[in-house]
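The values are calculated or read from the model by the stated rules, or taken from the named source; none is laboratory data. Computed from a predicted model, the values in this text were never measured in an experiment. A quick note on method: Cβ atoms are made from the backbone with ideal geometry, for glycine too, and the neighbour counts reach across all protein chains shown. Just the protein is used for accessible areas: all its heavy atoms, side chains included, with ligands, DNA and RNA removed. Shrake-Rupley method; radii C 1.70, N 1.55, O 1.52, S 1.80 Å.
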Amino acid sequence: MRLISENNGFTGEQTLFLKAFISGLQQGRDLPHLGQDDQGRFTHEPEATVHGTPVDDLCREERIKHEKNGLDCYDTILNNALENRFPEADDVFRYKFHGLFYVSPAQDSFMLRCRIAGGALSTHQFRGLAEIAQDWGPGHADLTTRANVQIREIEPKNCPDVLMKLSELGLTSQGSGADNVRNITATPTTGFDPHELIDVMPYARAMHHYILKNRDLYGLPRKFNISYDSGGCVSVCADTNDIGFYAVRVPENDLGVEPGVYFRMQLCGITGHKQFATDCGILLTPGETLPVAAALIRMFIENGDRTNRNKARLKYLVDDWGLEKTLVETQAKLAFPLRYFPLDACEVPRPKDKQGYLGIHPQPDGKNYIGICTPVGRMSVSQMHALADIADAFGRSEIRLTVWQNLIIPGIPDERLQDAITAIAATGLDHRNHHLTGGLIACTGSRGCKYAAADTKAQAVALGQHLAGKMILDLPINLHLTGCKHSCAQHYIGDVGMMGTRVKIDDGSTVDGYNIVLGGGVDDQQAIAREVWSNIKASEINGLVEQLLCAYLAQRHDGESFASF
Ligand code: SF4
């Protein structure tokens, strides 16, 4: 049995050392079960309560975390690798602390979910991810709706190599699953966006590293999302996050606040539960966003529900307490006063340009960025290498990921644009905005997720191809296909959203199908889509959506958007 991949870049001598190291672990070493007290200090005996909740009342996932911190299962990962064995029972949940999802029965393998601060990758890192997908995965990688990368079909024996390689690339998967702060997102064009108010990447990166380096910020009551919007025209769906920081300009005022660029803090976005984040009345300087988020997370850690998973997100604590108490408790953890400032005293933000980042756009430095459509986020390894080559040859050796499962290559001078476009076309990808495929989002679906009721990715690709052959849209339409109520593809914010369901047919069996919602949007077009049709067979989707969009094109009034149709 091959324990350490021969294709991992290590010398033979190093590989032998690693084999011996893992074998040594198998002979009995294991970490003591550590507990954590309310201040995040480690104790060798688990506490009788977890942040005030008696151990006997904890839900299953809380009990697992209480018995052994998920971050401490690395020895288990190594030992299971030795036997090419999958984790059992509670360790399946703990593996997610390292970004490893055992996705049986959909696939008998792991899915790796990375963390990519602000969705920004160097070409070196992008190539490294392609190598992981090539050496230990299925030969392709998936872009996610958190500007992240997932790689599937990883065997237990390869997990240590995958995690080490990720780390050596300057990346990590730590905390990308389970009850942790997830990938920090940022406006994908930030730093080269002519319309933005501030470059938010430094703040997104600072938040990313702060979370990684503070062990007490793991093991929340539930997952937690944070996003930075730089105030330009490109959306990052910040209002779908537990904390959405929106850059705003404060003009001259008589309220005692210096004019300048600040952030509004929006709280409790959770669109799977049909709720956007809302402004909480607070104005923050850029440097204040990190300590305020940390204070709020710690407040949530101490007070969130650890008995009922369905009520454990931040939203439910705020529903229970009210906003005022939430902010008072957050304030208690801060060394500076929260700045209350009315939203309507800030300048109105620019409207978002839906799918507007696709295609060629000028940067303030005279160069250009190119937004490229990667249908439903899936890229082959050869496409990934080609994209990295393009970014090296014509750009600034950087690739940005979007929350729309697409990507951007920045820093291309005018004189290299045509060569870059030709090279992009040669990959089989398209930089042009067709107003349709750029907003075509699909979750993993039944080929890789046990919760899925439908094969969303394949259905979405087929739907995109069908519609592209039938019509030309002059306004962007976003189509979101999600496989189940967990709403990873955020169907409630799509112009057309579909949630997978099983549909009964005449012989009593079931087939893939969807419940269809219409009229969703984010940011200045914020709306939760409403269900219009239910239990539609997947085989009928293409025709139904075609009819719907044809009716829109035929009957709309001048410039009428789909949402207002
Ligand atoms: Fe799986 Fe459901 Fe998420 Fe789709 S929405 S990836 S089916 S959990």
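Out of curiosity, is GLY464 open to solvent by less than 20 Å² (accessible area, probe 1.4 Å), in a loop (DSSP other than H, G, I, E, B) and touching a residue at least 40 places away in the same chain (Cβ under 8 Å)? Taking the combined requirement at face value, the residue does not satisfy it.
Are any of the residues in segment 441-450 basic (Lys, Arg), within 16 Å of the ligand (Cβ to nearest atom), surrounded by fewer than 18 Cβ atoms within 10 Å (Cβ to Cβ) and over 22 Å from ALA147 (Cα atoms)?
Yes.
This table checks each residue for (1) open to solvent by 90 Å² or more (accessible area, probe 1.4 Å); (2) closer than 30 Å to PHE126 by Cβ; (3) of a type in the set (D, E, K, R).
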residue: LEU334; (1), (2), (3): no, no, no
residue: LEU343; (1), (2), (3): yes, no, no
residue: GLY359; (1), (2), (3): no, yes, no
residue: GLN363; (1), (2), (3): no, yes, no
residue: ILE372; (1), (2), (3): no, yes, no
residue: MET379; (1), (2), (3): no, yes, no
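I'm checking my understanding of the structure. Among residues of segment 105-142 that are closer than 22 Å to GLY175 by Cβ and in contact with a Phe, Trp or Tyr (Cβ under 9 Å, 6 or more places away or on another chain), which one is surrounded by the fewest Cβ atoms within 10 Å (Cβ to Cβ)? My answer is SER109. When restricted to residues that are over 30 Å from ALA420 (Cα atoms) and open to solvent by less than 50 Å² (accessible area, probe 1.4 Å), segment 345-357 contains 2. Of all the criteria given as (1) open to solvent by less than 30 Å² (accessible area, probe 1.4 Å); (2) more than 21 Å from ALA147 (Cβ to Cβ); (3) touching a His at 6+ places or on another chain (Cβ under 8 Å), the one not satisfied by ALA489 is (2). For segment 60-143, the strands (runs of 3 or more DSSP E) that sit wholly inside it and include 2 or more residues that are modelled with pLDDT of 95 or more and not hydrophobic (A, V, I, L, M, F, W, C) are 140-143. Of the residues making up segment 330-363, those that are β-branched (Val, Ile, Thr) and not in a loop (DSSP other than H, G, I, E, B) are THR330, ILE360.
Scanning segment 266-323 for residues that are small (Gly, Ala, Ser), surrounded by 15 or more Cβ atoms within 10 Å (Cβ to Cβ) and in a loop (DSSP other than H, G, I, E, B) gives GLY269, ALA277, GLY304, ALA312.
Scan segment 503-525 and tell me whether some residue there is open to solvent by less than 10 Å² (accessible area, probe 1.4 Å), part of a loop (DSSP other than H, G, I, E, B) and more than 12 Å from the ligand (Cβ to nearest atom). For segment 503-525, residues open to solvent by less than 10 Å² (accessible area, probe 1.4 Å), part of a loop (DSSP other than H, G, I, E, B) and more than 12 Å from the ligand (Cβ to nearest atom): present. For HIS431, the criteria (1) open to solvent by 40 Å² or more (accessible area, probe 1.4 Å); (2) more than 25 Å from ALA527 (Cβ to Cβ); (3) of a type outside the set (A, V, I, L, M) hold in every case but one, which is (1). Within segment 202-245, the residues that satisfy the criterion of being of a type in the set (A, V, I, L, M, F, W, C), open to solvent by less than 40 Å² (accessible area, probe 1.4 Å) and over 28 Å from ASN310 (Cα atoms) are ALA204, CYS233, VAL234. For segment 526-565, taking the residues that are among the β-branched types (Val, Ile, Thr) and part of a strand (DSSP E or B), the one that is farthest from SER235 (Cα to Cα) is identified as ILE536.
Pairs linking a residue in segment 257-280 that is over 18 Å from VAL200 (Cα atoms) to a residue that is assigned to a helix (DSSP H, G or I) and among the hydrophobic types (A, V, I, L, M, F, W, C), with Cβ atoms under 6 Å and 6 or more positions apart or on different chains, are CYS268/LEU314; CYS268/VAL318; THR271/ILE493; ASP279/LEU343; CYS280/LEU323. Residues that are small (Gly, Ala, Ser) and under 16 Å from GLU546 (Cα atoms) were ranked within segment 453-493; the one that is farthest from the ligand (Cβ to nearest atom) is GLY469. Contact map, segment 381-402: first residue more than 19 Å from GLN134 (Cα to Cα), second residue open to solvent by 50 Å² or more (accessible area, probe 1.4 Å), Cβ cut-off under 6 Å, separation 6 or more or different chains; pairs are PHE394/ARG416.
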